[in-house]
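**Student:** Before we start, here is the structure in question, set down as structure tokens.
The values are calculated or read from the model by the stated rules, or taken from the named source; none is laboratory data. Please read these numbers as outputs of a predicted model, since none were measured by experiment. Note that we place each Cβ from the backbone using ideal geometry, even for glycine, and neighbour counts take in every protein chain shown. All accessible areas refer to the heavy atoms of the entire protein, side chains included, with ligands and DNA or RNA removed. Shrake-Rupley method; radii C 1.70, N 1.55, O 1.52, S 1.80 Å.
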Amino acid sequence: MPETRDLYEEACACIPGGVNSPVRAFRAVGGFPIFIRSAGGAYLHDHQGRSYIDYVGAWGPMILGHAHPAVLEKLRGQLGRGLAYGAPTELETEFARKLCELVPSLEQVRLVNSGTEAAMSAVRLARGYTGRDLIIKFDGCYHGHTDALLVKAGSGALSMGAPDSAGVPAALAELTLCLPYNDTHAVEQACAAHGARLAAILVEPVAGNMGLVPPQPGFLEKLRGLCDATGSLLIFDEVMSGFRVALGGAQTRYNVTPDLCLLGKVIGGGLPVGAFGGRAEIMQLLAPDGPVYQAGTLSGNPLAVSAGLVTLELLQQPGCYETLERYGAALTQGLAEAAEEAALPWATAHVGGMFGYFPGLEGPVTHFKQVAACDHDLFRCFFHGMLKRGVYLAPSPFEAGFISLAHGDEELQQSLEAARTVLRELSRAPRAGKTP
Ligand SMILES: *Cc1c(COP(=O)(O)O)cnc(C)c1O
């Protein structure tokens, strides 16, 4: 049996950093990533035959649990009919109709292959619709890796953004203004200064890419009001929160309706699907009806759409979100209690099937600067302690945790037992400089 280290070194020889998405490389926690061989229900099974309770869920999509029988059955049926046609299918219409039925802001929706693509296309559409160029986004929110949105705050509060990656042209970053999450005053000021040039405000209505940071009461409503006042579009990036925090997403949970909405992750049930949509009057500007170009060879792929359809159908059964909510509450409360017993500061948050925890911080956590100041060393030690005890958490303090409907009482008790043990040990041991 090859060791994890060997597997990782082989991968590094032919894949940059050994991974196809950076966070998988464990750089924030050190050590080597575990290599997965299979998954079922709430569990991942690695190459060495060890099993883990999985709180990553493929970064969100696996809300039903891994290898759900109904999803597999639907996929098997589709497999015999071919993998891709590059021509319309009834499945796509059925899927789009379901999305429009369940997500309040959608009158029409177009399918793509990833959240990144959805964000990129929606920004172009918002600019095409308004005839304006500026975008407002928020520090700590992630909208995929399109150039226009890989932008961080500039030097002054109201100055335009700076590239957040090599290769992003400064001239493009200058069209994006990056503000602190939950800071209504900053958005008011930015709209007063730049409102007439503003195409859209783009926001994660529940922020899940800086740990988990819920919107403060009134924040989303304020964004809605400012978009109306400036004639710009409100775009909710629900790639993560969509069908995660409620059926229909954060917009049903908080009762604020955006002009455009981005979806991904859960709606593909584990296969690559993204979507963006909104009012028909805006969506009709897209090619072939309108002048805003957008396309995709595998968009609306029949296998991907099949997995998504079954997933959404199962999520419509009563009680799903109550179950996720209960588990999230019990898990975060148990974690907080274990940390308190160990006398370690430890903020937690949960919304629907998402949760977050911030070692070293006292809650509530409302914006990125706080998250960045969490105790990274404590996080790293906790992560490895849990991994050793068979609990797989996200290997970075900037990622949310995900619960599935396959997680039950047994997994909850086992996870909390592991957390109590690890935190007890950490409260005794001096940690500085210790590597796993
Ligand atoms: C994951 C994510 C994206 C990017 O989606 P990909 O499918 O990875 O391109 C965009 N926005 C949010 C909020 C996300 O969580």
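**Student:** With the structure loaded, tell me whether Ser415 is part of a helix (DSSP H, G or I), open to solvent by less than 30 Å² (accessible area, probe 1.4 Å), under 27 Å from Phe243 (Cβ atoms) and of a type in the set (Ser, Thr, Tyr) or whether it fails that test.
**Tutor:** Working: part of a helix (DSSP H, G or I): yes; open to solvent by less than 30 Å² (accessible area, probe 1.4 Å): yes; under 27 Å from Phe243 (Cβ atoms): yes; of a type in the set (Ser, Thr, Tyr): yes.
Yes, satisfied.
**Student:** Of Ala229, Ala207, which residue is open to solvent by less than 10 Å² (accessible area, probe 1.4 Å) and in the same structural domain as Leu134 (by TED's automatic domain parsing)?
**Tutor:** Going through Ala229, Ala207 in turn, just one is open to solvent by less than 10 Å² (accessible area, probe 1.4 Å) and in the same structural domain as Leu134 (by TED's automatic domain parsing): Ala207.
**Student:** Within the range 1-11, track down each residue that is in a helix (DSSP H, G or I) and closer than 25 Å to Cys381 by Cα.
**Tutor:** Thr4, Arg5, Asp6, Leu7, Tyr8, Glu9 - these are the residues of the range 1-11 that are in a helix (DSSP H, G or I) and closer than 25 Å to Cys381 by Cα.
**Student:** Step by step: first the residues of the range 351-371, then only those that are within 26 Å of Pro33 (Cβ to Cβ) and touching a residue at least 40 places away in the same chain (Cβ under 8 Å), then the one that is nearest to the chain's Cα centre (by Cα). Which residue is that?
**Tutor:** The residue in question is Met354.
**Student:** Being touching an Asp or Glu at 6+ places or on another chain (Cβ under 6 Å) and in the same structural domain as Asn209 (by TED's automatic domain parsing) narrows it down to one residue among Gly296, Gly300; which is it? Step through it out loud before you land on a result.
**Tutor:** On the way: Gly296 fails: touching an Asp or Glu at 6+ places or on another chain (Cβ under 6 Å).
Within the list Gly296, Gly300, the selection yields Gly300.
**Student:** The conditions are (1) open to solvent by 20 Å² or more (accessible area, probe 1.4 Å); (2) in contact with a Phe, Trp or Tyr (Cβ under 8 Å, 6 or more places away or on another chain), and Cys178 fails exactly one of them. Which is it?
**Tutor:** Of the numbered conditions (1) open to solvent by 20 Å² or more (accessible area, probe 1.4 Å); (2) in contact with a Phe, Trp or Tyr (Cβ under 8 Å, 6 or more places away or on another chain), the odd one out for Cys178 is (1).
**Student:** Restricting attention to the range 186-199, does a residue exist that is in contact with an Asp or Glu (Cβ under 7 Å, 6 or more places away or on another chain) and open to solvent by 40 Å² or more (accessible area, probe 1.4 Å)?
**Tutor:** yes
**Student:** Condition check: more than 13 Å from the ligand (Cβ to nearest atom) and in contact with a strand residue (DSSP E or B) (Cβ under 9 Å, 6 or more places away or on another chain). Does Leu247 satisfy that?
**Tutor:** The answer is no for Leu247.
**Student:** Answer yes if at least one residue in the range 21-35 is surrounded by 16 or more Cβ atoms within 10 Å (Cβ to Cβ), part of a helix (DSSP H, G or I) and in contact with an Asp or Glu (Cβ under 7 Å, 6 or more places away or on another chain), and no otherwise.
**Tutor:** yes
**Student:** Answer with yes or no whether Leu387 is assigned by TED's automatic domain parsing to the domain that holds Leu324, surrounded by fewer than 19 Cβ atoms within 10 Å (Cβ to Cβ), farther than 23 Å from Glu204 by Cα and among the aliphatic types (A, V, I, L, M).
**Tutor:** no
**Student:** Cβ contacts < 7 Å: first residue under 18 Å from Asp377 (Cα atoms), restricted to the range 15-33; second residue open to solvent by 30 Å² or more (accessible area, probe 1.4 Å) and of a type in the set (S, T, N, Q), any location; separation 6+ or different chain. Result?
**Tutor:** Gly30/Thr435
**Student:** Another one. Which residue out of Leu312, Leu324, Leu271, Leu303 is open to solvent by 10 Å² or more (accessible area, probe 1.4 Å) and away from the ligand (no atom under 13 Å from the Cβ)?
**Tutor:** Leu303
**Student:** Checking Tyr52 against (1) more than 25 Å from Ala246 (Cβ to Cβ); (2) in the same structural domain as Val112 (by TED's automatic domain parsing): exactly one of these is not met. Which one?
**Tutor:** Result: Tyr52 fails condition (2) only.
**Student:** Which numbered condition trips up Glu117, out of (1) among the charged types (D, E, K, R); (2) out of contact with any Pro (no Cβ under 9 Å at 6 or more places or on another chain); (3) more than 14 Å from the ligand (Cβ to nearest atom); (4) over 18 Å from Leu226 (Cα atoms)?
**Tutor:** (3)
**Student:** Being buried (at least 19 other Cβ atoms within 10 Å of the Cβ) and among the small types (Gly, Ala, Ser) is the filter here; which residues of the range 397-412 pass it?
**Tutor:** Within the range 397-412, Ala400, Gly401, Ser404, Ala406 qualify.
**Student:** Do any helices (runs of 4 or more DSSP H) entirely within the range 165-238 hold 2 or more residues that are within 16 Å of the ligand (Cβ to nearest atom), and if so, which?
**Tutor:** In the range 165-238, the matching helices (runs of 4 or more DSSP H) lie at 219-230.
**Student:** Would you call Leu158 buried (at least 17 other Cβ atoms within 10 Å of the Cβ) and farther than 28 Å from Ala58 by Cα?
**Tutor:** It is false that Leu158 is buried (at least 17 other Cβ atoms within 10 Å of the Cβ) and farther than 28 Å from Ala58 by Cα.
**Student:** Additional query: In the set Thr311, Thr348, which member is part of a strand (DSSP E or B), of a type outside the set (Asp, Glu) and touching a Phe, Trp or Tyr at 6+ places or on another chain (Cβ under 9 Å)? It would help to see each step written out before you state the result.
**Tutor:** Details: Thr311 fails: part of a strand (DSSP E or B).
Criteria check complete, one pass: Thr348.
**Student:** Continuing with this model, one more query. Taking the range 44-70, which residues are away from the ligand (no atom under 16 Å from the Cβ) and touching a residue at least 60 places away in the same chain (Cβ under 8 Å)?
**Tutor:** Looking only at the range 44-70, we keep the residues that are away from the ligand (no atom under 16 Å from the Cβ), and these are 44-54, 64-70.
The answer is Leu44, Arg50, Ser51, Tyr52, Ile53, Asp54, Leu64, Gly65, His66, His68, Ala70.
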